[in-house]
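What follows is a set of notes on a single structure, which appears directly below.
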Amino acid sequence: MKKILLAYDGGDPAKRALETAADLARVFEASVSVISVVPFRPGAASVGSWDERDVHAQELLEAREMLLARGLEAELLEPLGDPATSIERIAEEGAYDTIVVGSRHLGALDQVPQGSVSEHVATHADATVVIAR
């Protein structure tokens, strides 16, 4: 484990993922990058403030500060696109060997409208995926 990609959106599951990524980075002396994907769906109207780029930028800064408090520096990534496939693409392009994501504990019916990002990444990414619960 040398390169960790942390998916972060500011929620409680993401904060658990940050703690996990920080622990792994310290133990394995790995680098950490934090990704917050600004959702973009062609033809779809903005769904709310979580779609706005400044919200994601703030989440990234929050993650950076939390990691710095744990003695870790992190690269910040803010791509535009579908969250799950963007995380997978960035992980592959950046040769990340580990992806850490949080789980919102969605039930089957909750996943239908937009799906579970953590589940999609876990089943499609080429890297090792750690789901923090």
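Close amide H pairs (under 5 Å, H built 1.01 Å from N) link Ala132 with Val101, Gly102, Ser103, residues at least 5 positions away or on another chain.
Phi-derived couplings, Karplus 6.51 cos²θ - 1.76 cosθ + 1.60 at θ = phi - 60°, listed residue by residue for segment 121-130: 4, 4, 9, 10, 6, 7, 7, 5, 10, 10 Hz, with x used for Gly and Pro. Karplus-based coupling profile of segment 81-86, in residue order and whole Hz: x, 6, x, 5, 5, 5, with θ = phi - 60° in 6.51 cos²θ - 1.76 cosθ + 1.60 and x standing for Gly or Pro. A cut-off under 10 angstrom between Cβ atoms defines the neighbours of Arg133, and their net charge, with Lys, Arg +1 and Asp, Glu -1, is +2. Rounded to the nearest 0.05, what FRET efficiency do Ala95 and Val55 give with R0 = 30 Å and r taken as the Cβ-Cβ distance? Could you check? Plugging the Cβ-Cβ distance into 1/(1 + (r/R0)^6) gives 0.55. A crude spin-label estimate for the pair Ser103 and Met1, with each label 7 Å from Cα along the Cβ direction, gives 1.6 nm.
In plain terms, the chain from Asp23 to Ala69 could stretch by 15.3 nm, reckoned as 0.36 nm per residue minus the Cα-Cα distance.
Every number in this text was worked out from the coordinates using simple rules, so none of it is lab data. These figures come from a predicted structure and were not determined experimentally. Virtual Cβ from ideal backbone geometry, glycine too; neighbours counted across all protein chains shown.
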